[in-house]
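K.L.:
Sharing a structure with you now.
The values are calculated or read from the model by the stated rules, or taken from the named source; none is laboratory data. Bear in mind the structure is a predicted one, so any value in this text is a computation, not a measurement. Please note: Cβ atoms are built from the backbone with ideal geometry, for glycine as well, and neighbour counts cover all protein chains shown. With ligands, DNA and RNA removed, areas are computed over all heavy atoms of the protein, side chains included. Shrake-Rupley method; radii C 1.70, N 1.55, O 1.52, S 1.80 Å.
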Amino acid sequence: YVAAVYEHESILSPAPAARVERRSALELMGRNLDIYEQQVLAAARQGAQIIVFPEDGIHGFNFTRSSIYPYLDFLPHSHSGKWNPCREPYLFNDTEVIQRLSCMALKNKIFLVANLGTKQPCGRSDPQCPPDGRFQFNTNVALAADGALLATYRKHNLYFEDAFDTPPEPDYAFFDTPFAGKFGMFTCFDILFFEPAVNLIRQYNLKQIVYPTAWMNQLPLLSAVEFQQAFATAFNVNILAANIHHPTLGMTGSGIYTPVKSFIYHNMESYGGKLIVAEIPVITADYKTNLESNEGFRENLHDSCRTSTSASLDDEVCFKEQEETPGRVSEKGKEQSPPSFYAEMMYDNFTFVPVWGEKGEVQVCANTLCCYLNYRRAVLTDELYALGVFDGLHTVHGTYYVQACALVKCGGLSFSTCGQEVTDATALIDFQLWGNMSTPYIFPLLLTSGVTLDFADHMGWKNNYYFLSKNRTSSGLLTAALYGRWYEKD
């Protein structure tokens, strides 16, 4: 099917904390919706059957609970599928934004997913009702090609969003399409948590995901395109991810992802929006996921091979017999093993060992997690790389348990620069990376110079180790990592 995502540079309110009238809120949002309208038309002309817009794209951000109120549409939560806002604008008041989105879908005969702020009045009888008598939600809507409201999703894992409420229960939102079956829907920070994202995919066996986001990039492990790709690979799904474009805030990175191929946009240099349109294969429900082959990951993990059915995706992901699992480094090796050191990466205290010389084997451990690396460099460059391990609770900008094995390029030549944000590298490295991970939820990260993506040659479980291997990255290596999420320990 043909999909489109639009990375939008939103027109922002100059004073988001100031209270304005609904009329001027609609005027500001109207300017963003005018851009959406042009992009829907452009996407439809290129044959797109579905288009996804980013989180906060219509109203912007940095509001307070009361200052965002004029920007909120009323949205009946239970009316999915029964209401066509374009054709029945008179049913509810304060639905101007959703009406416009519905009309764009109808006029261009395209499925449309967008994010907006919504309000729902509540009464004293509801113990969860906020003191001001209303819920305010960060909401995605999915509209059919005839303008009908198909599904709504209220963001569950808020990222310092004082203007919005967490819904009383997680929404499991998905909608059906004639061209690719069911699409699941969640927002931004949700991608790092079990509820509702992982649960939604597993419970409903979803293979296509729409994902509005307003993501601030954080290298080396949580750049938008890097993690979006890793998620598509780990769960064997297609993801249509639309991000906001505000380079000064570190926000860029959108794409259309399949488990073996990506169409991405990451641009920190220039301004303005970007439309991505790509044709991708429909993943059918019987296509085994990387995770499903992990289900018995504690028993001896069977080798398996999966090959994509589409000719354009002839990459094969195989768990090969000859991928050796790591032996303990021999006694002889121990004497020469390089010194370990500590450095902060992603606000976590990683234990590192330097990766020196043109080839070698190193290991580094923390808590229950040991990481092993076998490597060879094509040419020795004057760049310092290090292998880092972290097994613990991440507590800055959210709390969640991470198990990570990461080969990263350091910011400079001293140990203290390891873990810094780096965007360029020249070293071409062949490597095999293993970890004795305790969770089946492993996101394989492979990022190359200029914040571009590469794909592993092989990855999977073998004898209770997860491994990732690559012969020669397409350009200089920035990050090769196994990013494990141990949800039970959050």
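K.L.:
Tell me, which residue of the range 406-440 that is within 18 Å of Thr452 (Cα to Cα) and polar (S, T, N, Q) is least open to solvent (accessible area, probe 1.4 Å)?
P.N.:
By that ranking, first place goes to Thr423.
K.L.:
Identify all residues within the range 467-490 that are assigned to a strand (DSSP E or B) and either among the basic types (Lys, Arg) or free of Cβ contacts under 8 Å to residues at least 40 places away in the same chain (or both); write none if there are none.
P.N.:
So in the range 467-490, the residues assigned to a strand (DSSP E or B) come out as 467-470, 477-485.
Hits for the range 467-490 are Leu468, Lys470, Arg485.
K.L.:
Restricting attention to strands (runs of 3 or more DSSP E) lying wholly within the range 173-255, give those where 2 or more residues are open to solvent by 10 Å² or more (accessible area, probe 1.4 Å).
P.N.:
Values: elements: 173-177, 181-185, 208-212, 238-242.
Strands (runs of 3 or more DSSP E) meeting the threshold: 173-177, 181-185.
K.L.:
Quick one: which of Phe390, Phe319 is modelled with pLDDT under 95 and touching a Leu at 6+ places or on another chain (Cβ under 9 Å)? Give the derivation first.
P.N.:
Working: Phe390 fails: modelled with pLDDT under 95.
Unique residue meeting the criteria: Phe319.
K.L.:
Working only within the range 160-171, note down all residues that are in contact (Cβ under 8 Å) with a residue 12 or more places away in the chain and surrounded by fewer than 18 Cβ atoms within 10 Å (Cβ to Cβ). I'd like the intermediate steps shown before the answer.
P.N.:
Going through the range 160-171, the residues in contact (Cβ under 8 Å) with a residue 12 or more places away in the chain turn out to be 160-165, 167-168, 170-171.
Correct list: Phe160, Asp162, Pro168.
K.L.:
Starting from the range 241-257, keep only residues that are assigned by the TED database to the domain that holds Ala214, then list their pairs with residues that are assigned to a helix (DSSP H, G or I) and of a type outside the set (S, T, N, Q) whose Cβ atoms are within a distance under 6 Å, requiring at least 6 positions of separation or different chains.
P.N.:
The qualifying pairs are Asn243/Ala224; Gly253/Ala224; Gly253/Val225; Gly255/Val225; Tyr257/Ala232.
K.L.:
Here is a further query. Scan (1) within 29 Å of the chain's Cα centre (by Cα); (2) hydrophobic (A, V, I, L, M, F, W, C); (3) open to solvent by less than 40 Å² (accessible area, probe 1.4 Å) for the single condition Phe74 breaks and write down its number.
P.N.:
With respect to (1) within 29 Å of the chain's Cα centre (by Cα); (2) hydrophobic (A, V, I, L, M, F, W, C); (3) open to solvent by less than 40 Å² (accessible area, probe 1.4 Å), Phe74 is out only on (3).
K.L.:
Kindly indicate whether Gln420 is assigned to a loop (DSSP other than H, G, I, E, B) and of a type in the set (S, T, N, Q).
P.N.:
Details: assigned to a loop (DSSP other than H, G, I, E, B): yes; of a type in the set (S, T, N, Q): yes.
Yes, satisfied.
K.L.:
Pick out the one residue from Asn108, Asn140 that is farther than 23 Å from Phe186 by Cβ and open to solvent by less than 50 Å² (accessible area, probe 1.4 Å). Write out each step before concluding.
P.N.:
Values: Asn140 fails: farther than 23 Å from Phe186 by Cβ.
Result of the check over Asn108, Asn140: Asn108.
K.L.:
Something else now. Yes or no: Glu21 more than 17 Å from Ile98 (Cβ to Cβ) and among the acidic types (Asp, Glu)?
P.N.:
yes
K.L.:
While we're looking at this one, here's another question. Of the residues Asn108, Asn115, which single one is touching a Phe, Trp or Tyr at 6+ places or on another chain (Cβ under 8 Å), in contact (Cβ under 8 Å) with a residue 40 or more places away in the chain and among the polar types (S, T, N, Q)? Write out each step before concluding.
P.N.:
Details: Asn108 fails: touching a Phe, Trp or Tyr at 6+ places or on another chain (Cβ under 8 Å).
Result of the check over Asn108, Asn115: Asn115.
K.L.:
Tell me which residues, restricted to the range 261-303, are outside any strand (DSSP E or B), modelled with pLDDT of 95 or more and of a type in the set (A, V, I, L, M). Full working, then the answer.
P.N.:
If we filter the range 261-303 for residues that are outside any strand (DSSP E or B), which is where we start, we get 266-273, 280-303.
Next cut, modelled with pLDDT of 95 or more only: 266-273, 280-282.
Passing the criteria: Met268, Ile280, Val282.
K.L.:
Moving to a separate point now. Mind checking whether some residue in the range 63-73 is among the polar types (S, T, N, Q), in a helix (DSSP H, G or I) and closer than 23 Å to Met216 by Cα?
P.N.:
As a first pass, look at the range 63-73 and keep what is among the polar types (S, T, N, Q): 64, 66-67.
Those still in the list that are in a helix (DSSP H, G or I) too: none.
No: the range 63-73 contains no residue that is among the polar types (S, T, N, Q), in a helix (DSSP H, G or I) and closer than 23 Å to Met216 by Cα.
K.L.:
Same structure, new question: Residues Ala214, Ala197, Ala232, Ala241: which one is under 25 Å from Gln128 (Cβ atoms), at pLDDT 95 or above and among the small types (Gly, Ala, Ser)?
P.N.:
It is Ala197.
K.L.:
What number of residues within the range 3-45 satisfy the criterion of being surrounded by fewer than 17 Cβ atoms within 10 Å (Cβ to Cβ) and in contact with a strand residue (DSSP E or B) (Cβ under 7 Å, 6 or more places away or on another chain)?
P.N.:
1
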